[in-house]
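Participant: Okay, handing you the structure first.
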Amino acid sequence: MSEASILASPFHYTNCGIHSDSFYASLIDSSTHKSQLRQIHARLLVLGLQFSGFLITKLIHASSSFGDITFARQVFDDLPRPQIFPWNAIIRGYSRNNHFQDALLMYSKMQLARVSPDSFTFPHLLKACGGLSHLQMGRFVHAQVFRLGFEADVFVQNGLIALYAKCRRLGCARTVFEGLPLPERTIVSWTAIVSAYAQNGEPVEALEIFSQMRKMDVKPDWVALVSVLNAFTYLQDLEQGRSIHASVVKMGLETEPDLLISLNTMYAKCGQVATAKILFDKMKSPNLILWNAMISGYAKNGFAKDAIDLFHEMINKDVRPDTISITSAISACAQVGSLEQARWMDEYVSRSDYKDDVFISSALIDMFAKCGSVECARSVFDRTLDRDVVVWSAMIVGYGLHGQAREAISLYRAMERGGVHPNDVTFLGLLMACNHSGMVREGWWFFNRMADHNINPQQQHYACVIDLLGRAGHLDQAYEVIKCMPVQPGVTVWGALLSACKKHRHVELGEYAAQQLFSIDPSNTGHYVQLSNLYAAARLWDRVAEVRVNMREKGLNKDVGCSWVEVRGRLEAFRVGDKSHPRYEEIERQVEWIESRLKEGGFVANKDASLHDLNDEEAEETLCSHSERIAIAYGLISTHQGTTLRITKNLRACVNCHAATKLISKLVSREIVVRDTNRFHHFKDGVCSCGDYW
């Protein structure tokens, strides 16, 4: 007879005399649904067995495992004087279902009932303390462990290690672990201490303990491997991460969900997004953590379009995103630079539960600024009611990207009046704004103002101020700032100085800056190109040739110029000399038309620029073949009259293209927004927003 028919037949119970606890215990153990447990409980009530501590403990355990903690508590409360076993069961049930506060409350009631805890009480109680990061309560429980003589129990000790790890007290966790005799250290003990260090930003220590564990011939379980993978992910050690992946496969654990998530995250953060995607696709129903790891991995490794596509797929599969998913998708939109995609993202957020999330609002501001619309960025800022320093700083940085220094400074004053204290990002935005506008005095003032707020300038701040001073011709002052830096100058700092030396043809100082760059980052093509530009600006053609030979010997090639133009939400890419576009002939005719109109308008190209400005685009036989010019031509034939053209470049705008684009904007009566590697340029009516200062 089936379990269901046994439960349905009172005759079977009463007439066959099957009233033993073991019979009902087996029914409880074999139950597959919480409704069956309620039927069993009803039968126990009929038979007067509802006060059996053994059966009630079984019911509490089973109900908790099904997540029905409410019924478990109801059953517990029906016991008139529960002994230790039901108390342990209900505390375990609450802790297992992450009702940590209720677990602690039940322990308090247990003490009031004068029921003494045993070694089975403490592990679940310690888990509850750790879940709440309640260090004070955890220490109280630890004291009780000593008072009651359970300090040698390995399960209790493992719980203490996990508690102190959750409360970020690694020293205490290590002391408990070291107090365990070597023979008594179980895999759980080793895993707990490895996880403690891995989860608290101490990957090297975690790996050292894992190495000790392996020397003791302790075989790791999947929990330990997750922590080790997290440590290698933190260190971005792809080779060692792959070795752990091999162990996972060898142990037959490759289908373990948490391991798949850790492997996916490791590969994504180490730039191996293709491998991460293979693991992702193995999951039949990826959970939110895995979706987030994959979307974030794409976004952080330059696969922005893939990140956006995956975010859309996630939504279409009715997986509800959280703040991590949304901010990763917003970051990807900012990288792509599509204003239409950015607007879609903004609309999606406005319909979600996160429309008032301050962190997401600041990400939207940054996104719109990087997609070329500082107006849309300001709209998000204005509708954000709870503005913290992150929101204010995002808007100031947005103005800085677009060279709108007056607006950035005005917003900073408003921020001060509102009682919001600036942070390092605030000052970075202000320095960018002053730098892009040539406001040397104001920028220098803000740089020195950082000390008043106890903010130490970082590499980016120094790079901004070096660029600001250098481009204004204050090269000696810029070099003095570098010499006084409390930290070792990095690539951005020396790069800013070299760029300034090129502008002012200061060969000796520029060569020194270049040598520093070569020692820090010898394989970066851009440094050699910058030095070549400096020599060419000084008309030292023999040295230009030496740099080019040096580059060839090192196998270094110049970046090929590429420009993207957004047309009806789609980004079209164009490279110098690329004739593969299906509308190539139309584009070529439009380029020729633009060139003829430029000549009629009095435009004369600077031929010197095409000879030495290697950091811009490869100079072909005619300057009109630059990718930016081709993108403009495609935009003109693909959009209605008056439509703003939005273009993104992978290189800094060259002198000729900048001058030509100004005139084109006037000739075709269009606004043309160009985002290069340095800043935004808004061309309109023959004028650029940078004021020719870039």
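The values are calculated or read from the model by the stated rules, or taken from the named source; none is laboratory data. Bear in mind the structure is a predicted one, so any value in this text is a computation, not a measurement. With ideal geometry, Cβ positions are generated from the backbone for all residues, glycine too; neighbour counts draw on all protein chains shown. Side chains are part of the model used for accessible areas, which takes the heavy atoms of the whole protein and leaves out ligands, DNA and RNA. Shrake-Rupley method; radii C 1.70, N 1.55, O 1.52, S 1.80 Å.
Participant: Within the stretch 508-555, take every residue that is aliphatic (A, V, I, L, M) and in a loop (DSSP other than H, G, I, E, B) and give me the one that is most open to solvent (accessible area, probe 1.4 Å). So that I can check it myself, show each step before the final result.
Facilitator: If we filter the stretch 508-555 for residues that are aliphatic (A, V, I, L, M), which is where we start, we get 509, 513-514, 517, 520, 529, 531, 534, 536-538, 540, 544-545, 547, 549, 551.
Next, from what is left, pick out any that are in a loop (DSSP other than H, G, I, E, B): 538, 540.
Working: 538: 33, 540: 50 Å².
Within the stretch 508-555, the match that is most open to solvent (accessible area, probe 1.4 Å) is 540.
Participant: Can you tell me which residues in the stretch 382-423 are more than 21 Å from residue 445 (Cα to Cα), open to solvent by 40 Å² or more (accessible area, probe 1.4 Å) and touching a helix residue (DSSP H, G or I) at 6+ places or on another chain (Cβ under 6 Å)?
Facilitator: 386, 388, 390
Participant: While we're here: Which of the residues that make up the stretch 56-114 are of a type outside the set (Phe, Trp, Tyr), within 17 Å of residue 144 (Cα to Cα) and either in contact with a Cys (Cβ under 8 Å, 6 or more places away or on another chain) or part of a helix (DSSP H, G or I) (or both)?
Facilitator: 84, 88, 91, 103, 104, 105, 106, 108, 109, 110, 111, 112, listed by residue number.
Participant: Counting only residues that are aromatic (Phe, Trp, Tyr) and modelled with pLDDT under 55, which one in the stretch 1-49 is least open to solvent (accessible area, probe 1.4 Å)?
Facilitator: For the stretch 1-49, the residue satisfying everything is 13.
Participant: Considering only the stretch 151-197, how many residues are in contact with a Cys (Cβ under 7 Å, 6 or more places away or on another chain) and under 17 Å from residue 207 (Cα atoms)?
Facilitator: Final tally of qualifying residues: 0.
Participant: Anything in the stretch 287-338 that is on the phi > 0 side of the Ramachandran plot and in contact with a Ser or Thr (Cβ under 6 Å, 6 or more places away or on another chain)? List them, or say none.
Facilitator: Filtering the stretch 287-338 for residues on the phi > 0 side of the Ramachandran plot gives 302, 318, 337.
Listed by number, the list holds a single entry, 337.
Participant: If you don't mind, there's one more thing I want to ask. Being buried (at least 17 other Cβ atoms within 10 Å of the Cβ), out of contact with any Gly (no Cβ under 6 Å at 6 or more places or on another chain) and outside any helix (DSSP H, G or I) narrows it down to one of 682, 640, so name that one.
Facilitator: Working: 640 fails: buried (at least 17 other Cβ atoms within 10 Å of the Cβ).
Sole residue among the options that is buried (at least 17 other Cβ atoms within 10 Å of the Cβ), out of contact with any Gly (no Cβ under 6 Å at 6 or more places or on another chain) and outside any helix (DSSP H, G or I): 682.
Participant: Among the residues that make up the stretch 367-381, is at least one of them in contact (Cβ under 8 Å) with a residue 12 or more places away in the chain, part of a helix (DSSP H, G or I), open to solvent by 10 Å² or more (accessible area, probe 1.4 Å) and more than 30 Å from residue 462 (Cβ to Cβ)?
Facilitator: Yes, there is a match, as at least one residue in the stretch 367-381 is in contact (Cβ under 8 Å) with a residue 12 or more places away in the chain, part of a helix (DSSP H, G or I), open to solvent by 10 Å² or more (accessible area, probe 1.4 Å) and more than 30 Å from residue 462 (Cβ to Cβ).
Participant: Is one or more of the residues making up the stretch 443-462 under 20 Å from residue 527 (Cβ atoms) and in contact with a Pro (Cβ under 9 Å, 6 or more places away or on another chain)?
Facilitator: The answer is yes, given that some residue of the stretch 443-462 is under 20 Å from residue 527 (Cβ atoms) and in contact with a Pro (Cβ under 9 Å, 6 or more places away or on another chain).
Participant: OK, next. Looking only at the stretch 62-95, how many residues end up being modelled with pLDDT under 90, open to solvent by less than 60 Å² (accessible area, probe 1.4 Å) and charged (D, E, K, R)?
Facilitator: Looking only at that region, the number is 1.
This table checks each residue for (1) of a type outside the set (S, T, N, Q); (2) in contact with a strand residue (DSSP E or B) (Cβ under 9 Å, 6 or more places away or on another chain).
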site: 524; (1), (2): no, no
site: 530; (1), (2): no, no
site: 538; (1), (2): yes, no
site: 543; (1), (2): yes, no
site: 563; (1), (2): no, yes
site: 566; (1), (2): yes, yes
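Participant: Quick check on residue 564: is it among the aromatic types (Phe, Trp, Tyr), outside any helix (DSSP H, G or I) and in contact with a Leu (Cβ under 7 Å, 6 or more places away or on another chain)?
Facilitator: yes
Residues are listed down the side, and each one gets a yes or a no for (1) open to solvent by 10 Å² or more (accessible area, probe 1.4 Å); (2) within 20 Å of residue 143 (Cα to Cα); (3) at pLDDT below 90:
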residue	(1), (2), (3)
170	yes, yes, no
178	yes, yes, no
182	yes, no, yes
197	yes, no, no
212	yes, no, no
